[in-house]
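The values are calculated or read from the model by the stated rules, or taken from the named source; none is laboratory data. On a predicted model such as this, the values are computed, not experimentally measured, just so you know. Cβ placement follows ideal geometry from the backbone for every residue including glycine, while neighbour counts extend to all protein chains displayed.
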Amino acid sequence: MSIWWSLHLRREAASVPLARRLLLGTMETAGVDPDISYDLSVALSEACANAVEHGGDSGQGGPSEAYRVTAYLDGEKCRIEVTDSGPGFARAQAPKAQASTQAQTPAQAQALPSVRLVSDEDENGRGLGLIQELADHVHIGNKPGRRGAVVSFDKILKWKKDAPLMAV
């Protein structure tokens, strides 16, 4: 069985826990292992917080007031995508700054946005790195042909014993 949902949320701090609670409730109902659910909910919270904070000016004369969250639980995997209409990500100049966990050619690596490394003293800037640590596959990029950022990530699911929606 598959479950998917999509939310169109205001760029307000209160939207972050709303998206997180919906994901946790969906995964609990489906019977997903709580550790996997927690990892994905933290990653989703980070992606949503970034959309709220950085998904700003839409380039159409005013600020973008919304962002979108889509989640798919399909078989053995959960995929989450958060998109906004802000300025998007700056492009990486070096292959070391790859934003995807899959192998990339040098040309692909230069097309990826930069994931900034932060020092221990920095209070912000760890969200994208945390998402990369919590998910199995991460793609960070810009909307093709339009302004805006796209952060998508997935994780292989583990199920509780006798889970009602466990992949067969």
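Observations on the structure shown:
- Answer from D39, D74, D35 - the residue that is of a type in the set (D, E), surrounded by 14 or more Cβ atoms within 10 Å (Cβ to Cβ) and either within 15 Å of the chain's Cα centre (by Cα) or at pLDDT 95 or above (or both): D39
- Number of the condition not met by V69 [criteria: (1) touching a His at 6+ places or on another chain (Cβ under 9 Å); (2) modelled with pLDDT under 95; (3) under 22 Å from D154 (Cα atoms)]: (2)
- Test: residue in region 54-63 that is touching a helix residue (DSSP H, G or I) at 6+ places or on another chain (Cβ under 9 Å) and either under 20 Å from L130 (Cβ atoms) or at pLDDT 95 or above (or both): no
- Condition met for R11 (touching a residue at least 40 places away in the same chain (Cβ under 8 Å) and basic (K, R)): yes
- The listed residues are R147, R126, and the only one of them that is in contact with a Ser or Thr (Cβ under 7 Å, 6 or more places away or on another chain) and modelled with pLDDT of 55 or more turns out to be R147.
- Contacts under 6 angstrom Cβ, first residue in region 20-40 being touching a residue at least 40 places away in the same chain (Cβ under 8 Å), partner in a helix (DSSP H, G or I), 6 or more apart: L23/S41; L23/L44; M27/S37; D39/L134
- Within region 130-146, the residues that satisfy the criterion of being not in a helix (DSSP H, G or I) and not charged (D, E, K, R) are A135, H137, V138, H139, I140, G141, N142, P144, G145.
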